[in-house]
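The values are calculated or read from the model by the stated rules, or taken from the named source; none is laboratory data. Values in this document were obtained by computation on a predicted structure and should not be read as measured data. With ideal geometry, Cβ positions are generated from the backbone for all residues, glycine too; neighbour counts draw on all protein chains shown.
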Amino acid sequence: MSSDKLQALSAEGLSYSVGAQTLLDNVRLHAEQGQFVGLIGPNGAGKSTLLRALSGMLVHQHGAVLLEGTDLRSMSSRDVAAGMALVSQIAPYTHGFTSFELVLMGRYPHLGRFQIEGSKDNSIARDSMRQTDTERFADRTLDTLSGGERQRVFVSRALAQQPRILLLDEPTSNLDVFHQLKVLDLVRELVDEGLTAVAAIHDLQMSARYCDRLVLLSEGRVLAEGTPEEVLTPGAIESAFGVRSAVYPDPVTGTLAISLIGPADAHASPASDNGAPAPVEKAPVAAHGVEA
Ligand SMILES: Nc1ncnc2c1ncn2[C@@H]1O[C@H](COP(=O)(O)OP(=O)(O)O)[C@@H](O)[C@H]1O
Ligand SMILES: [Mg+2]
C-alpha cells in the first residue's frame, strides 16, 4: 500500500466481544480515497458488525477507527455523518414516512442546528432518488414498497448525505439482477469520481467485478486481504465457506468467474470449534493460477 495515498478510512486492531463471543478479532482494514473495498465472508463472519464499528454506531472495545486520520471517538456524531454514510443490511423502522421524506433526512448532518431543509436540499434528495431509479416512489410511504425498492430508497438517503465515505451492508441482497448491476455500477461510478466505498457483498463474483480490494472475514478475523485475484482463491473460498470451487477469468466480462463445485467434505467445514483454519484441499481446477 502506498503511503502517499490518503487513507480515507482505516481500522487497526479492532476487537469487539459480547459476553464470551468475539465478533471482531484484531481486524485491520484500510480504504484509500477513491477505492472500493469489498467485505466478503460467510454468514456470521462479522461483516455487519465491522461495518457498524466503522460507522461509529457500535463502540468497539479495542483498536481504533480513523476517518481521514481522525479517531472517530473524538468526533461528534454530526461530523461523522457529514463525512460517512451507512446503508444498513436491515432497514430501520420507518413507519409512516414517504420515500422522499426519508431521503431528505440524509441532509440532516449538513443543516444548521435549527435549520430546515431548503430548495437545495430538496433538489439533492430528488437527484439521489433519480440515481437509484426510485423517483416514482417519492410520495409513497415506505411500507408500500417491495424490499428491493425500499433498499434502493435507503441507498438514495445515503447519497443525499453526500458522504466522502459510503458504507453499504449487502446493498444488492434484495435486488433483481438489473438493479444489482445498476446499484453497483452507480457506486463504482461515484468511486471513480473520488468517493471511498466499503461494502459487504454476498455475491463473490459481483465483489470481484466491482471492488478494487477485498477483505475476507471468517469468525471475526481477516482471513485474506488484497486484490480480488489475490483473495478469491479456491483455497481461501474453501476455508471460509467450506465449498470447493474453480476460479477463472470470465470469458465475457473479463473479471473473475467462480464455479461452486460443491460442499467440501465434513472435515473441511468452516468455523471449526477450536477456531483453527479448516484443512484446505486443492480444488480440482484453479485456472487463474493463484493458489492459497
Ligand atoms: N449484539 C450481539 N450479541 C451477540 N452476538 C451478536 C450480536 N451481534 C451479532 N452477533 C453475532 O456475531 C456474529 C457476526 O454477526 P454479523 O456481523 O451480523 O455477521 P455477518 O454480517 O458477517 O453475517 C454472528 O454470529 C451474530 O450472531
Ligand atoms: Mg450481515
Pairs only if they're at least six apart or on different chains, beta carbon under 8 angstrom, first in the range 38-60 and more than 16 Å from residue 84 (Cβ to Cβ), second modelled with pLDDT under 95 and more than 13 Å from ligand 2 (Cβ to nearest atom); list them, first residue then second. 42/270; 42/271; 44/271
Which one of these does residue 173 not meet: (1) surrounded by 17 or more Cβ atoms within 10 Å (Cβ to Cβ); (2) within 16 Å of ligand 2 (Cβ to nearest atom)? (1)
When residues of the range 19-37 are limited to those that are farther than 18 Å from residue 212 by Cβ and not in a loop (DSSP other than H, G, I, E, B), the one farthest from ligand 2 (Cβ to nearest atom): 26
Which one of these is surrounded by fewer than 20 Cβ atoms within 10 Å (Cβ to Cβ) and of a type in the set (D, E, K, R): 152, 157, 113, 107? 113
How do the strands (runs of 3 or more DSSP E) wholly within the range 196-253 filter down when requiring 3 or more residues that are at pLDDT below 95: which remain? none
I want to confirm something. Restricting to the range 38-77 and keeping residues that are charged (D, E, K, R), farther than 25 Å from residue 229 by Cβ and surrounded by 15 or more Cβ atoms within 10 Å (Cβ to Cβ), which single residue is farthest from ligand 2 (Cβ to nearest atom)? 68
Go through 230, 225 for me and flag whichever is surrounded by fewer than 18 Cβ atoms within 10 Å (Cβ to Cβ) and within 16 Å of ligand 1 (Cβ to nearest atom). 225
Selection from the range 23-51 of residues within 16 Å of ligand 1 (Cβ to nearest atom) and either of a type in the set (A, V, I, L, M, F, W, C) or assigned by TED's automatic domain parsing to the domain that holds residue 241 (or both) yields 23, 24, 27, 29, 37, 39, 40, 45, 50, 51
Restricting attention to the range 19-47, the residues that are over 20 Å from residue 240 (Cα atoms) and modelled with pLDDT of 95 or more number exactly 7
Filter pass, residue 58 being closer than 19 Å to residue 75 by Cα, part of a helix (DSSP H, G or I) and within 9 Å of ligand 1 (Cβ to nearest atom): no
Among the listed residues 27, 18, identify the single one that is in contact with a Lys or Arg (Cβ under 9 Å, 6 or more places away or on another chain) and within 26 Å of residue 239 (Cα to Cα). 27
Restricting to the range 69-119, and then to whatever is assigned to a helix (DSSP H, G or I) and among the β-branched types (Val, Ile, Thr), can you tell me which residue is farthest from ligand 1 (Cβ to nearest atom)? 103
